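Novice: For reference, the structure I am asking about is given below.
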Amino acid sequence: QVQFVESGGGLVQPGGSLRLSCSASGSIFSIYVMGWYRQAPGKQREVVATITSGGNTNYADSVKGRFTISRDNAKNTAYLHMNSLKPEDTAVYYCNARDVRGRILATSWGQGTQVTVSS
């Protein structure tokens, strides 16, 4: 199993930027795909962006062109660079990972990091 610690969230005005970090520990050798997810109050958790060990990325339509996911395999860390933030980006952001067989590696969803976009 893999554990994740998210950081980097905060309060930012619309149009601003933030960089989130996700540090993984545990069975990190199993990680194939790392991803960022978010959940706003009263809404379902949704995938924001994913990245494979080879650097292949996918993004939710709502964040394409604004967010960039990256990873540093040597540091077992994933990042989410968020630009042109909108109020609708307000949510708790979580990270997770899947192995090559598609199995979710985190034992449970962690604390996440709060992103609030407001003027």
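The values are calculated or read from the model by the stated rules, or taken from the named source; none is laboratory data. In this text, all values refer to a predicted model and were calculated from it rather than measured experimentally. Methodologically, a virtual Cβ is constructed for each residue, glycine included, from the backbone with ideal geometry; neighbour enumeration extends over all protein chains shown. Ligands, DNA and RNA are stripped out before the accessible areas are found, and what is left, the full protein with its side chains, is counted by its heavy atoms. Shrake-Rupley method; radii C 1.70, N 1.55, O 1.52, S 1.80 Å.
Novice: With every protein chain kept in place and ligands, DNA and RNA left out, what is the accessible area per residue of the chain? Probe 1.4 Å, answer in Å².
Specialist: Details: 6370 Å² over 119 residues.
Accessible area per residue, the chain: 54 Å².
Novice: Rank I51, G15, G110 by how far each Cα sits towards the positive end of the charge dipole of the chain (+1 on Lys, Arg Cβ; -1 on Asp, Glu Cβ) and give me just the farthest.
Specialist: Toward the positive end, the furthest listed residue is I51.
Novice: When the accessible area of the chain is split by element with a 1.4 Å probe, what percent falls to carbon and sulfur? List each step's numbers first, then the result.
Specialist: Values: 2940 of 6370 Å².
So the carbon and sulfur contribution to the accessible surface is 46 percent.
Novice: Quick check: residue separation of Y32 and T52 times 0.36 nm, minus the Cα distance between them. What number comes out in nm?
Specialist: Gain on stretching Y32 to T52: 6.6 nm.
Novice: Report ³J(HN,Hα) in whole Hz for each residue of region 105-119, in order, from the Karplus equation J = 6.51 cos²θ - 1.76 cosθ + 1.60 where θ = phi - 60°; Gly and Pro get x.
Specialist: Along region 105-119, the couplings run 9, 5, 5, 6, 5, x, 6, x, 9, 7, 10, 10, 10, 7, 9 Hz.
Novice: What lysines could a cross-link reach from K43, if we take a straight Cα to Cα line under 29 Å and drop same-chain neighbours fewer than 8 places away?
Specialist: K64, K86
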